[in-house]
């Protein structure tokens, strides 16, 4: 699963609200009924963004 700009913006918003990358991945996994690979993609992107890296 490749994340689009809208999804990356949503991750950024959650980080700005103080959520951790793990919490974001768990939350989006439940809300969007993602499989484990997609949850890991979200978690990796959130970690990258939190570190100031490009996901």
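Bear in mind these aren't lab numbers, they're just calculated from the coordinates by the rules spelled out. Everything numeric in this text was worked out from a predicted model, so none of it was measured. Reconstructed Cβ throughout: ideal geometry from the backbone, glycine too, with neighbour counts over all protein chains shown.
Details
- Residue that is within 11 Å of the chain's Cα centre (by Cα) and without any contact (Cβ under 8 Å) to a residue 40 or more places away in the chain, where the choices are 5, 16, 48, 35: 48
- Hits in the stretch 16-33 (condition: surrounded by fewer than 17 Cβ atoms within 10 Å (Cβ to Cβ) and either within 18 Å of residue 5 (Cβ to Cβ) or touching a strand residue (DSSP E or B) at 6+ places or on another chain (Cβ under 9 Å) (or both)): 16, 32
- Residue 30 in a helix (DSSP H, G or I) and out of contact with any helix residue (DSSP H, G or I) (no Cβ under 6 Å at 6 or more places or on another chain): yes
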